[in-house]
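The structure under discussion appears below in the form of structure tokens.
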Amino acid sequence: MKTHAATLAAILLAAAPPALAQAGKDLYAKTCAVCHATGIAGAPKYGSAADWGPRIAAGLPKVYANALKGTAKGMPAKGGNPALPDADVKAAVDYMLAAVKGAGAPAAAAPAKEAPAKEAPAKEAPAKEAGRPPPPKAEAAARPEAGTAAASAPAAPAAPPVQLALAAPAGAEANSFNRLLKPAEKRNPAPADDGIHDPANDGTHALMAPLSAYAGLPRSLAGNRINWVEALGQKKIDPRWDRTDLKAEPVIMDMNVVREVKGSMPDVVYPHKQHTEWLDCSNCHPAIFVPQKGANSISMASILLGEKCGVCHGKVAFPVSECRLCHSKKKEPAAARAQAPAPAAK
Amino acid sequence: MKPPRRLLGTLLAAALAAGAALPARGEYADVVLNRRAEKEGVRPVVFPHWFHRIRFRCKVCHQELGFRMRVGTNDFRMADIIDGKFCGACHNNDVAWGPERCDLCHSGKPGLPTGIYGGHETNGPGRW
């Protein structure tokens, strides 16, 4: 079968015989779909003419060779399984190429260049894609978004579906408004859909969904998307200061420490007030900060590595993306120095 | 193909498959605790910071109860929890529901490593 298949594959590239086509399809589903179904790591996506066009234009022998030997940009030789016979790998390549028949022709290559379809890979669950072999038609058929166009496309692999594949999905998908920003409906997910809770566990469904708790709390643009300082200030929440003693009150210390920043970024105002609302002095002193102005060397690099302010900011307190909450004091000419320290907000 | 590369490829593929199939997002500051849980046959524990900080200041856990602020450094043991330590300081049927409600704490997806989750704002590279 193996030698047979190799010869066959060499002769009959486009019109692979049923047995080989089946092998290609199976291997695709088993090995290649992991990356190629969603385009993870820059892999050309199954059915995407925009992804495959330029590669096909470089010549089929090159495409096969890259699949067999791998590339420096992430394609593992034979999809990571060197034991595979060459013919099977080629069959899998053919299976993928069949889904984009016609791409790579001059007409197809042009739009492909302008739209290097690199949509966020999370859009489609590859598990789903891999479990059910994707329809070997045009990309349109594999996309729920392509809607009616796909539904009415003829079943036979002919010219029209290919046109669809190029026109509709490339535009609709590749140029969707936000490419990287998490869409609003994916923020603050309920436990059962948040990817870390097991939906098969009964208790998961008894847990509270963040959004139902957040109604009425002041919002922010990062982290939990709640402005916890305001929530506390406006008494929208009343977290206990003591495990059991409801009367215990925090000892608030209102002392700002200004840290001058070299370069153009506004200076950092470190406010004790907002911190002592939540924390005890011993949470920071002396393990994280020596309680003496200027005695600690703090840099953005250390914060990003989870040290200093980064022990909490970026993990539990608002993340580092909110530059202005920390860098809140405009650099002013020396004359304005005598004024009170700037408020540590906005 | 030499074996190391192959292994790497397979691992990469597996990691990508896992990562993409279950985008481990979680709510910002959710903590997964799985030092022993899964090895001992129960699901990993998910601790939600957002839920607790509405009810308690950080100080209660991180000073009064002495939880260290570094994921994985506190040696939470089920026996201690039932004895009223760690989570059991509150989950004792007095301050909050008790340790017999296994599935409320042990609610994590199998295979998740201990760590803090939900930190990434975008699907793409960090905003840096």
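General observations
- Of note, A:Asp267 does not satisfy the criterion of being open to solvent by less than 50 Å² (accessible area, probe 1.4 Å), without any contact (Cβ under 8 Å) to a residue 24 or more places away in the chain and among the charged types (D, E, K, R).
- Residue pairs meeting the criteria (Cβ under 7 Å; at least 6 apart or on separate chains; first modelled with pLDDT under 85, in the stretch A:176-197; second aliphatic (A, V, I, L, M) and assigned to a loop (DSSP other than H, G, I, E, B)): A:Arg179/A:Ala120; A:Leu180/A:Ala120
- Scanning the stretch B:66-104 for residues that are among the acidic types (Asp, Glu) and under 17 Å from the mean Cα position of the chain (by Cα) turns up B:Asp75, B:Asp103.
- Subset of the stretch B:76-97 that is in contact with a Phe, Trp or Tyr (Cβ under 9 Å, 6 or more places away or on another chain) and not basic (Lys, Arg) - its residue that is nearest to the other protein chains (Cβ to nearest Cβ): B:Cys90
- With respect to the stated conditions, A:Tyr214 is under 30 Å from B:Lys109 (Cα atoms) and either surrounded by 15 or more Cβ atoms within 10 Å (Cβ to Cβ) or within 11 Å of another protein chain (Cβ to nearest Cβ) (or both).
- Residues in the stretch A:180-235 that are charged (D, E, K, R) and assigned to a loop (DSSP other than H, G, I, E, B) were compared, and the one that is farthest from A:Cys323 (Cα to Cα) is A:Asp198.
- Checking each residue in the stretch B:38-75 for being touching a strand residue (DSSP E or B) at 6+ places or on another chain (Cβ under 6 Å) and more than 7 Å from every other protein chain (Cβ to nearest Cβ) picks out B:Pro44, B:Val45, B:Phe47, B:Pro48, B:Val71.
The values are calculated or read from the model by the stated rules, or taken from the named source; none is laboratory data. Remember, predicted model here, so these are calculated numbers, not experimental data. Here Cβ is always computed from backbone atoms with ideal geometry, including for glycine, and neighbour counts include all displayed protein chains. Side chains are part of the model used for accessible areas, which takes the heavy atoms of the whole protein and leaves out ligands, DNA and RNA. Shrake-Rupley method; radii C 1.70, N 1.55, O 1.52, S 1.80 Å.
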